[in-house]
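The values are calculated or read from the model by the stated rules, or taken from the named source; none is laboratory data. As the structure is a computational prediction, the values presented were derived from the model and not from experiment. Note that we place each Cβ from the backbone using ideal geometry, even for glycine, and neighbour counts take in every protein chain shown. Just so you know, the surface numbers come from the protein's heavy atoms only, side chains and all, with ligands and any DNA or RNA stripped out. Shrake-Rupley method; radii C 1.70, N 1.55, O 1.52, S 1.80 Å.
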Amino acid sequence: MVKALILIADGTEEMEFTITYDTLVRAGIECTSAFVPRGLSPYGSSDTSPPLAVCSRRVKILPDVTLDPLAAGPEKYDALVIPGGMGGAVTMAGSTEVQNLVRSYYNHPEKRIIGMICAGSKVAITAKLPGQPITSHPSVQSDFSVAIDFDYREQDVVVSDAVPGKATLVTSRGPGTAFPFVFTLIELLCGKEKRDEIVGPMIFPSGTVTGYPL
């Protein structure tokens, strides 16, 4: 079975997390959500283990596990997904564990998928991924003007296989592009037929963009 690890933290954008998790499951992908902790959180705290993630609009989500780098590597999962939401993205971008995890997926000899959406794309910079086509929420676009090696694009979804033999990097812009983002992940992981199978029963309005045309 195809497996995906989806990170979450206090301040994560709930639409980007839940739409991705839910839609991947619909495609038969086994998902695990992993909480990335930080110090004192302005969003509140929880006595549960793993702790409740208090998302950007104060929606509380109980992750499956707390991030354990030894149990989260590319030997166990086919894809790593990093949602946005500025609070969560700052935590993940500043986490040495997340940076190392992203590099391990990127460099794994068996090709993996790394998905980043909205401000989550900031992790590509702090993890020091090679410069390549990328997108993000416009609020963090200026970060990529400093990281001059990246080819910033204002597209709903950007798919990059810039470095042969490395992971495919899929980036997207925000909550409104979460469906095209996750449909792209499904197509890469499971094929176009599976993506189309999932899209139909969800009954999108006529003319809605539902995935990157691979």
Ignoring ligands, DNA and RNA, what percent of the accessible area of the chain is carbon or sulfur (1.4 Å)? 54
Give me the one-decimal Kirkwood hydrodynamic radius in Å for the stretch 134-180, with the sum taken over alpha-carbon pairs. 11.3
Using label points projected 7 Å from each Cα along Cα→Cβ, tell me how many nm separate L62 and Q155, to one decimal. 4.1
With a 1.4 Å probe and all protein chains kept in place, how much accessible area does F204 have, in Å² rounded to the nearest 10? 60
Could you order M1, M92 so the one with the most accessible surface comes first? Probe is 1.4 Å. M1, M92
Using Cα centres only, tell me the gap between the stretch 67-89 and the stretch 1-22 in whole Å. 9
When N is the residue count of the chain, what does its C-alpha Rg come to as a fraction of 2.2 N^0.38 Å? 0.94
Tell me the per residue accessible area of the chain using a 1.4 Å probe; a whole number in Å² is fine. 44
Give me a comma-separated list of calculated 3J(HN,Hα) values for the stretch 125-140, in order, Karplus coefficients 6.51, -1.76, 1.60 applied at θ = phi - 60°, integers in Hz, x for any Gly or Pro. 6, 5, 7, 6, 5, x, x, 6, x, 7, 9, 6, 5, x, 5, 10
In nm, give the distance between the simple-model label positions of K3 and S139, each being 7 Å from the Cα along the Cα-to-Cβ direction. 3.3
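Assuming R0 = 25 Å, can you tell me the calculated FRET efficiency for the pair D22 and S206, based on Cβ-Cβ distance, to the nearest 0.05? Working shown, then result.
On the way: r = 22 Å, r/R0 = 0.90.
Computed FRET efficiency for D22 and S206: 0.65.
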Spelling out what I want: for every residue of the stretch 70-85, take phi, set θ = phi - 60°, compute 6.51 cos²θ - 1.76 cosθ + 1.60 (Karplus), and round to whole Hz; glycine and proline get x. 6, 9, 10, x, x, 6, 9, 10, 8, 9, 10, 10, 10, x, x, x
Sorted by accessible surface (1.4 Å probe, heavy atoms of the protein chains only), largest first, H108, H137 come out as H137, H108
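Using a 1.4 angstrom probe on the protein heavy atoms only, line up L70, L101 by accessible area, largest first. Mind showing how you got there, number by number?
On the way: L70 160, L101 10 Å².
The ordering from most to least exposed comes out as L70, L101.
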MRE, 222 nm, helices only [DSSP H, n ≥ 4, -39500 (n - 2.57), over the chain, to nearest 500]: -9000 deg cm²/dmol
In terms of modelled amide H atoms, which long-range or inter-chain residues lie less than 5 Å from the amide H of V81? L5, I6, L7, G115
